[in-house]
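The values are calculated or read from the model by the stated rules, or taken from the named source; none is laboratory data. Bear in mind that the values here come from a model prediction, so they are computed numbers and not experimental data. Note: ideal-geometry Cβ built from the backbone for every residue, glycine included; neighbour counts use all protein chains shown. The area values use the complete protein model at the heavy-atom level, side chains included, leaving out ligands, DNA and RNA. Shrake-Rupley method; radii C 1.70, N 1.55, O 1.52, S 1.80 Å.
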Protein chains: 2
Amino acid sequence: MSQKPSIPQGTRDFLPEVMLRRERIFSTIRSVFRAYGYVPIETPSMEKLSVLTGKYGEEGDKLLFKILNNGDFLKDATALDDYQKLSFQICERALRYDLTVPFARFVVMHQHELSFPFKRYQIQPVWRGDRPGKGRYREFYQCDADVVGSDSLLYEAEFLAIFDEALSRLGIPAFSILLNNRKVLAGYAELAGAPDQLVNICTAIDKLDKIGEAGVREELSQRGISGGASDTIFRILSFEGSNQARLDYLQAAFEGVPIGLEGVAELRETLRLRAFLPVYKGQVEISLSLARGLDYYTGAIYEVKAHHVQIGSICGGGRYADLTGVFGVPGLSGVGISFGADRIYDVMEALELFTQDQTAPVQAMFVNFGGGAMEASLRALAGLRSSGIAAELYPDAAKLKKQFAYADKQRIPFLVMIGEDEVVAGVCQLKDMRSGEQRTLPVPDLAEALR
Amino acid sequence: MSQKPSIPQGTRDFLPEVMLRRERIFSTIRSVFRAYGYVPIETPSMEKLSVLTGKYGEEGDKLLFKILNNGDFLKDATALDDYQKLSFQICERALRYDLTVPFARFVVMHQHELSFPFKRYQIQPVWRGDRPGKGRYREFYQCDADVVGSDSLLYEAEFLAIFDEALSRLGIPAFSILLNNRKVLAGYAELAGAPDQLVNICTAIDKLDKIGEAGVREELSQRGISGGASDTIFRILSFEGSNQARLDYLQAAFEGVPIGLEGVAELRETLRLRAFLPVYKGQVEISLSLARGLDYYTGAIYEVKAHHVQIGSICGGGRYADLTGVFGVPGLSGVGISFGADRIYDVMEALELFTQDQTAPVQAMFVNFGGGAMEASLRALAGLRSSGIAAELYPDAAKLKKQFAYADKQRIPFLVMIGEDEVVAGVCQLKDMRSGEQRTLPVPDLAEALR
């Protein structure tokens, strides 16, 4: 009984070439996190439903992948005609939806084993039952760093440097790191006479790129914000100028609005500290219209956009006042960022940054001539591997055409040939598969030639 | 509404110290796989139920974690009084149970994009609804390498070298790589006059360590194998001697038993080829009683055991004649191995191989004296990080006692102090936290001193 297999909608197999590129992205980000003192943690793929539900809004709850209880899951089930209710009776666990809620749960459970400020990074897949679409998957990696237990703006400044260093080291030639502060947005709400509408104002402004000024005005008006108040907000949002000019403009506009002035002061201090940290290719830009959709941010907010590619933001983040209150431990503030690995991949592909990549499985393949020649090849091969050069021997003394075709298809850059004549002479033939050039060299020189 | 959170039974949080140790295990194995030309793939965490069911026996099917369908999963459900039947009506997907079946599915789906022999490794978690217990988890990483599409014994020999190199590089001081061949076991079955009982004989012999000779004899007898036949088998199993002597003994015993002789010849050729590959600390041992439980092995079988620790096998593997037949592509043979990362971790912990580990989050922490001293610290810190040294600055100019306590708790090896006097002199104080020693040095010499 055979079957033609397939994979679930919205999921992906990663073939070696793509894997090697993805690993380059993850390992670059990871090494920058490490340099700044962030350490890795991992949490289980499944969390208790009670930990996850209610944390992502009503929509988010519907997108959780629930895991059926083992054994007779119907034993205590009563809601056999109400699938929503029933799902909670037959499932105790679900796959994690993001890394933030599991991290909050982790901090609460292990608070007495950790030292604060606690700086962690976490690179693991998450699952969401979204309708699959272009660039939208049901399983994808998140790549987060957070520090909790400190209000120091040093971390805000360091995250600017981390974005800059990681993306620059990946070769992304030009990108903007947008920075704003929720206290600035609270200032807008005050100026608009609607201090209680902060979340709605953020949600509306967050859509500016998508729905334009008219759309945002419409949305603000639906939420009871007057046309005059909208005018005030859009007068600020439309201000153009250097970072310094923007901050000066805001400061003047916020005269008598303490929360707004506090936001400006935090932005100034963050930029001041950032000036002491290494600078690569990213441009830090104070964005007066950056709002971010998530409602738990209370201070700095970030978004990173690559230039020359229309793909939305590739990173984001912000400061939150209360990570763990929902789990009974209030007052733990922090700041965190997230790299969107899939989008970074797409940017790098669009900008052809992978073309120089070495994605061949090995640097060299030894042609297999059998017998004593094969034995000499194995010895030479061992030497290469111990020099840190990935290499292999074709497994059989097959026809040369077949062996060459394999190396060609795998895009292996070099072929090494040790036949009977070469064994006698203690040499090998090295063929550069790209140039077609072939030369004879002593076997001990092989590692050097392949470096 | 707060809740005291916990994680599902049988799952684990990994704290930074454990993560760093685990990463060392994975990265060592990964780099050996890469040196031998194995390339990474990843498959989705969830597979279609139709891909997984029936592949792990009736017991395995019960241990699958099924994922509830999104939306109104009850719409077409009819078996509301039969939980087993119902589970297939309300779940289309399950979490993967191992990496082998997903790999087979992968090879079939991507056969036209791959070159054969295809050598892949895969390091991902798997999920099993086993009763949790000591060392038995419901989520754990598997770490597999397989080559498919070749019968060459070169791969059998290389896997011996891969076990040897990876475990030796992890510092495991002494371990045995047990090698046998299913054709040798088929030879036993022939000699015992029960050639059709191969699987039962393997299953019984596989339990020798657990239930002893009497237990195995009992089990063989229950399966209709006579006492005389058992005598024949145990006479062979009890033979002691060098690898060469064992092979010679087997060869004599298998006179007129072609399948057994074929197994002996394969073992000889594997050892012959292995002699051309690098040798570290592992001892290859032809084990006449190694059988392995899984029924799909058809050639070489492996198991690795660490000396001085009672923990069972830490690696395993073997050759199979037909990886993908169940998915409609017969005739693809291969050989694969698996490293048991959790057990390797336990062995390394039991042998105290982690004591020399560097699990501090950073190599050095700068004490924060605020003001201009803090700025000078930030500049020096940037220099360290760009030299590849992980370092951090305490985020606030807090009391020294508090800053020292943080560094101490994190086991950070070095403190760097740049106060106002040091700023003027262009120097820093470097304190070795283990020895307590403190010295003054020019800031530009700091990176060198911390290497």
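Numbers for the structure displayed
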item	result
Using a 7 Å Cα-to-Cβ projection, A:His307 label spacings across copies, nm, ascending	6.3
Whole-number percent relative contact order across chain A, with pairs defined as alpha carbons under 8 Å at least 6 apart	14
Average partner coverage of B:10-17, which counts Cβ from other chains inside 10 Å	6
Solvent-accessible area of B:His308 with every protein chain in place, 1.4 Å probe, in Å² to the nearest 10	150
10 Å Cβ neighbours from other chains, averaged over peptide A:62-71	6
For region B:382-451: rounded, prolate or oblate by the Cα gyration tensor [a/c cutoff 1.5]	rounded
Heavy-atom accessible surface of region B:238-280: percent carbon and sulfur, 1.4 Å	58
Top positive-direction residue, dipole computed over chain B with Cβ charges, set B:Ala77, B:Gly372, B:Ser387	B:Gly372
Per residue value of the accessible surface for region B:187-245 (all protein chains in place, 1.4 Å probe), Å²	52
Structure-based [θ]222 nm, chain A - -39500 (n - 2.57) summed over DSSP H runs of at least 4, per residue, nearest 500	-12500 deg cm²/dmol
Under 11 Å, Cβ to Cβ, from A:Asp130 - net charge with Lys/Arg +1 and Asp/Glu -1	+3
Amide H partners (placed H, <5 Å) of B:Cys428, local residues excluded	B:Leu441, B:Val443
Ascending list, in nanometres, of distances separating the B:Glu23 label from those of the other copies (7 Å, Cα toward Cβ)	1.6
In the A-B interface, the accessible area buried, summed over both sides, Å² (probe 1.4 Å)	9000
Across the identical copies, how the A:Thr53 labels are spaced - nm, sorted shortest first, 7 Å along Cα→Cβ	2.6
Most to least accessible of A:Glu23, B:Glu240 (protein chains only, probe 1.4 Å)	B:Glu240, A:Glu23
Rough spin-label spacing in nm, given labels placed 7 Å along Cα→Cβ, for A:Ser226 and B:Ser226	10.6
Farthest positive-ward along region A:173-258 dipole, Cα basis, beta-carbon charges - from A:Ala186, A:Ser226, A:Tyr249	A:Ala186
Tensor-based shape of region A:171-223 (alpha-carbon gyration tensor, a/c under 1.5 rounded, otherwise prolate or oblate)	oblate
Reachable lysines from B:Lys85, criterion Cα separation under 24 angstrom, eight or more residues apart if same chain	A:Lys4, A:Lys66, A:Lys75, A:Lys85, B:Lys48, B:Lys55, B:Lys62, B:Lys66, B:Lys75
Region B:1-149 - percent relative contact order, Cα under 8 Å, separation 6 or more	29
Karplus (6.51, -1.76, 1.60) ³J(HN,Hα), θ = phi - 60°, over region B:40-46, in Hz, Gly and Pro reported as x	x, 9, 9, 10, x, 5, 9
Rounded to the nearest 20 debye, dipole of chain B from Cβ charges on Lys, Arg, Asp, Glu	780
For region B:302-317, 3J(HN,Hα) per residue [Karplus equation, 6.51 cos²θ - 1.76 cosθ + 1.60, θ = phi - 60°, Hz, x = Gly/Pro]	10, 7, 10, 10, 7, 7, 6, 9, 8, 8, x, 7, 9, 8, x, x
Those residues of region B:74-88 for which accessible area with every protein chain present is at least 50 Å² below the isolated value (1.4 Å probe)	B:Leu74, B:Leu80, B:Tyr83
Computed lengthening from B:Glu59 to B:Leu400, 0.36 nm per intervening residue step minus Cα-Cα distance	116.8 nm
Computed magnitude of the charge dipole of region A:285-383 (debye, nearest 20; Cβ of K, R +1, Cβ of D, E -1)	180
Rounded accessible area of B:Phe234 (nearest 10 Å², 1.4 Å probe)	20
Largest-first ordering by accessible area, 1.4 Å probe, given options B:Thr43, A:Thr53	A:Thr53, B:Thr43
Förster-model FRET efficiency, 60 Å R0, B:Ala321 and B:Asp72, C-beta, rounded to 0.05	0.85
Counted charge near B:Pro258, where neighbours are those whose Cβ lies closer than 14 Å (Asp, Glu -1; Lys, Arg +1)	-3
Average accessible area per residue (Å²) across region A:1-128 - probe 1.4 Å, nucleic acids and ligands excluded	37
Dipole magnitude (debye, nearest 20) for the protein assembly as shown, charges at Cβ of Lys, Arg, Asp, Glu	40
Dipole-positive endmost among B:Pro102, B:Gly149, B:Gly133 within region B:59-200 (Cβ charges, Cα centre)	B:Gly133
Accessible surface of region A:64-131, 1.4 Å probe, proportion on carbon and sulfur as whole %	43
Summed side-chain charge close to A:Ala214 - residues other than A:Ala214 whose Cβ falls under 15 Å, Lys, Arg +1, Asp, Glu -1	-2
Peptide A:401-408, shielding by other chains (average Cβ, 10 Å cutoff)	1
Per-residue SASA entry for B:Leu294, accessible area with 1.4 Å probe, Å² rounded to 10	80
Sequence of A:Lys401, B:Lys119, B:Lys183 from largest to smallest accessible area, 1.4 Å probe	A:Lys401, B:Lys183, B:Lys119
Fully extended contour minus Cα-Cα distance, from A:Gln438 to A:Lys210, at 0.36 nm per residue	76.4 nm
